[in-house]
Structure formats: C-alpha cells, structure tokens
Amino acid sequence: MQQVQIAGISWYKRENFDRLRAMFKDGHKLHDTYDEWLAAAESGRKELEKRGVRVICVDVDPNEFPAWCASQGLELNAAARNRFASERAYQFVMGEMGENVP
C-alpha cells in the first residue's frame with residue numbers, strides 16, 4: 001500500500017488577516033501584510049507539493065479559532081495554529097476516505 005504524506009497548513013482569508021494577526025500572541029512574527037504572507041504561504045505550499053506532500057489549506061476563522069483554542073486550553077499562537085490545521089486536515093481526509101478506514 002502506498003503511503004501519502006499529508007500536511008494541514010494554516011490559511012488566512014484577506015478579510016480576516018489583520019484581525020487574526022492582532023489576536024495571535026505571536027502575531028508580530030507574521031508578515032506585515034496579507035500579500036506578503038500569501039506569497040510566502042504559496043511558496044511553502046508549492047515546495048511541500050513538489051516533495052509529494054498533499055497539502056490541505058485550513059481556513060483559520062477569527063470566530064472559530066479562539067473558541068477552539070479555549071476548548072483545548074491553548075494560547076492563540078503558532079503551535080495552536082499548527083495543531084488546528086493538522087486536526088482539520090485529518091478530519092477532511094478521513095471524511096474523504098469514508099468511515100470504514102481504520
């Protein structure tokens with residue numbers, strides 16, 4: 001059986017970027033503008049795909065993400081964003097494959 005490597009990456013909508021950046025504890029480490037962030041994110045996504053990784057871009061919603069972090073006891077930071085994206089990507093892929101997959 002061939003194994004497929006999957007990566008969930010945090011993705012932001014233009015209209016939410018500034019709001020998210022302000023709420024993240026490490027928001028100052030993100031790019032200053034959405035366009036700068038998007039260029040870097042697209043570059044990273046393409047690099048992963050070149051290596052054969054299936055990339056799933058997971059929208060980080062400014063209403064949903066803080067509630068999810070609170071329910072998990074996490075701060076709003078990169079570690080939480082990575083975990084959120086990984087969990088959502090896993091849920092997406094499992095939904096694609098059906099419930100009978102171990």
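Quick notes on this one:
- Largest-first ellipsoid semi-axes for segment 6-97, taking √(5λ) over the Cα gyration tensor eigenvalues, angstrom: 21, 18, 10
- Mean residue ellipticity (222 nm) of the chain, computed from DSSP H runs ≥ 4 via -39,500 (n - 2.57), nearest 500: -17500 deg cm²/dmol
- Put simply, the amide H of Lys13, placed in the peptide plane, has neighbours under 5 Å in Val60, leaving out anything fewer than 5 places away on its chain.
- Lys, Arg +1 and Asp, Glu -1 on Cβ, resulting dipole of segment 6-97 about Cα centre, debye, nearest 20: 240 debye
- With the simple model of a label 7 Å out from the Cα in the direction of the Cβ, Asn82 to Leu38 spans 2.6 nm.
- For the chain, the relative contact order comes to 42 percent (Cα pairs under 8 Å, sequence separation of at least 6).
- Ranking of Val55, Val60 by neighbouring Cβ atoms within 10 Å, starting from the fewest: Val55, Val60.
- Rg to Rh quotient for segment 2-42, alpha carbon positions, Kirkwood Rh: 1.10
- Rounded FRET efficiency, nearest 0.05, which uses the C-beta distance separating Lys25 from Glu64 and R0 of 22 Å: 0.80
- Environment charge of Ala78, counting only residues whose C-beta is closer than 13 Å and scoring Lys/Arg +1, Asp/Glu -1: +3
Quick note: the coordinates plus some simple rules give every number you see, no bench work behind them. None of the values given here were measured: they were computed from a predicted structure. No Cβ is skipped: glycine too gets one built from the backbone with ideal geometry, and neighbour counts run over all protein chains shown.
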